[in-house]
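This report refers to the structure that appears directly beneath it.
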Amino acid sequence: MKVILLGVSLLLLTLVIPPQSAADIVFKNGNVYTANDKSAKAQAIAVKGDKIVFVGTNEAAQKFVGTNTRVIDLKGNTVLPGFTDAHQHLSGVGQREMTLNLEGTTSLQDLLAKVKARVDQAQPGQWITGRGWIETHWEPSVFPTRWDLDTVSPNNPVILGRADGHGAVANSAALKLGGVDKSTPNPFGGEISKDKNSGEPNGMLLDSAQGLVRRRVPPTTRADEERAVELGVKRDIELGWTQIQDAGGSFADVDIFKKLYAAGTIKLRIYKAVYGPGPNASRLMNEGPTIGAFGNRLTVRTIKVVSDGALGSRGAALLGPYSDAPATSGFLTVKVEELRPMLVEALRKGIQVETHAIGDKANRFILDEYETALKAVPASERKVAEPRWRVEHAQIVNPADIPRFAKLGIIPSMQPSHAIGDLFFAPSRLGIERLAGAYAWESFIKSGVVVPGGSDAPVERGEPMIEFYAAVARKDQKGFSGEGWHPEEAVTREQALKMFTIWPAYAAFEEKLRGTIEVGKLADFTILSADIMTIPAPEILKTCNVMTVINGEVVYEAS
Ligand SMILES: [Zn+2]
């Protein structure tokens, strides 16, 4: 009798719903974390169009179920606000899938075997390009040389980027095509690594020196570039990313995104930066930003500056010499006379600036430059009073400079996986004392800033679960933590959730639009197989994305 009554009352409920208040999708039986401090948990969400119209209990959600509503039973799966990768290189992620992918290479021999397999299939003279090796994971941990590569590729030119993109190794055939020999001077912002005894280039090219050889590689076609974006987007949404903040590039990339959005081929949100100082930055300042095109999917309002290299290749600019190479302290890669007028113009025209800064010298340099520009253009003369300028990486920061971020309103955009990879070699590069301000997530948060989290893929693998784990565990994927790793800089689960949701939304001026699960916000969700807010940390790495929702549309569903 009870069952019948319940059935009848449910039927009545369904019938009395005015069609205009019925939702398109109702998610039920979820373990929902909203990232909204006022009501942190929920069971159900109703979505109409691209927006969230209800967050609450299963029972109360029932009133949004109409005849055409799709009801998705989440069976206890965990729902989070759609994850954002605050620092990624989208086409690089796609290109990694298309060229020789050297992620996870275990030794020099392993690298050479992979190259040999490629060379065996190549046409005479065809270039072999690839990316992803990290020699610090090898035993012994030494950079590969041109002579190593020559043993497997004596004729085909080869250039293979280190995962961080700040160094590459080329073989003799490639160096010859690039015109690089004993007498070639280092270009600005780069270094041609030389053999200590003979003075011959040993094949390692750092930062801008890579260009000497790379410009000889036949350019990729527009079709290749579109394919790379499609592959990158496919991988990202499968992993559960709903937005990526694309840390640099050109208007040619923007044109590709526009074409693919217009054709409905890509659904991922992209918050795009273009490189500056230079023609792309000038064009952005002249034409003005693009905000929220294609259903709030595409925004272009940011200039990306690169102020130094990376720690692994000793290109990061340090205040003192490297502990393991006292003759060098790295180098800055931006010209002050070009940067300064660009920063002032960006403030006047309402353009956001984000700057790659790894070493403590680069971080101090860019804080100084930002501060000078902010003083020169007071809020009343800025198009956007609160410009939310960012420092990408903010990796090695002198502890005295950490509070300056909050004081100046500068956002440190950081990548947890860098710490758990770099901390294997950072102690030798920097010495134990300089690690006090290294990868200092918790110190930054306590100082009063938000810390958007990113992966920097393809520098790292680009997986949200690796990033979330790294942020909360601050141990490598096997659970290792060594001297100088500063475990107290790990963040709480709640902070980590914000690092990949509401904080990157804030860093993109989108905190009112997305980043939490709240009525009125865009319906972006990352739905996981386990509760990463409570399970033991190692289990986070085994957690899978089961569904990705962007703009109220299920764009990926695990089979
Ligand atoms: Zn990057």
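The values are calculated or read from the model by the stated rules, or taken from the named source; none is laboratory data. Note that this is a predicted model, so its numbers are computed, not measured. Positions of Cβ are backbone-derived with ideal geometry, glycine not excepted, and every protein chain shown enters the neighbour counts. Surface accessibility is based on the protein's heavy atoms, side chains included, excluding ligands, DNA and RNA. Shrake-Rupley method; radii C 1.70, N 1.55, O 1.52, S 1.80 Å.
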Farthest towards the positive end of the dipole of the chain, among M465, G276, Q477 and with Cβ unit charges of +1 on Lys and Arg and -1 on Asp and Glu, lies the Cα of G276
Expressed to one decimal in nm², the mean projection of the alpha carbon convex hull of the stretch 212-343 is 10.9
Ranked output for segments 425-431, 319-325, 164-170 by mean other Cβ atoms within 10 Å, highest leading, reads 164-170, 425-431, 319-325
With every protein chain in place, the accessible area of D360 for a 1.4 Å probe, in Å² rounded to the nearest 10, comes to 10
The stretch 431-446 scanned against label point 7 Å out from A400 along Cα→C-beta; backbone N under 17 Å for 433-438
log10 I(q)/I(0) for the stretch 148-279, Debye formula on C-alpha points only (no solvent), q = 0.10, 0.17, 0.21 Å⁻¹, two decimals, reads -0.46, -0.98, -1.18
In vacuo Debye sum over C-alpha of the chain, base-10 log of normalised intensity I(q)/I(0) at q = 0.10 Å⁻¹, listed in q order, is -0.84
The number of Lys pairs in the stretch 245-366 whose alpha carbons lie under 24 Å apart, excluding pairs fewer than 8 residues apart on one chain, is 16
The value for the stretch 28-83 (convex hull of the alpha-carbon atoms, volume per residue, Å³) is 84
Taking only Cα atoms of the stretch 377-518, the Rg to Rh ratio with Kirkwood Rh works out at 0.99
For the chain, the per residue accessible area (1.4 Å probe, Å²) is 40
Rounded to the nearest 5, the percent of antiparallel DSSP beta bridges in the chain equals 50
Computed for the chain: size of charge dipole around the Cα centre, +1 on C-beta of each Lys and Arg, -1 on C-beta of each Asp and Glu, debye to nearest 20, value 1120
Carbon/sulfur accessible area of the stretch 239-308, % of total, 1.4 Å probe, equals 51
So for R0 = 22 Å, FRET eff. of V217-A325 from the Cβ-Cβ r, to 0.05, ends up at 0.15
With -39,500 (n - 2.57) per DSSP H segment of 4 or more residues and division by the full residue count of the chain, the 222 nm estimate, nearest 500 deg cm²/dmol, is -9500 deg cm²/dmol
Using alpha carbon centers only, the stretch 115-160 is separated from the stretch 218-243 by a whole-angstrom value of 24
Unit-weight point scatterers at every alpha-carbon of the stretch 91-223, Debye formula, q = 0.15, 0.17, 0.21 1/Å: log10 I(q)/I(0) is -0.67, -0.87, -1.37
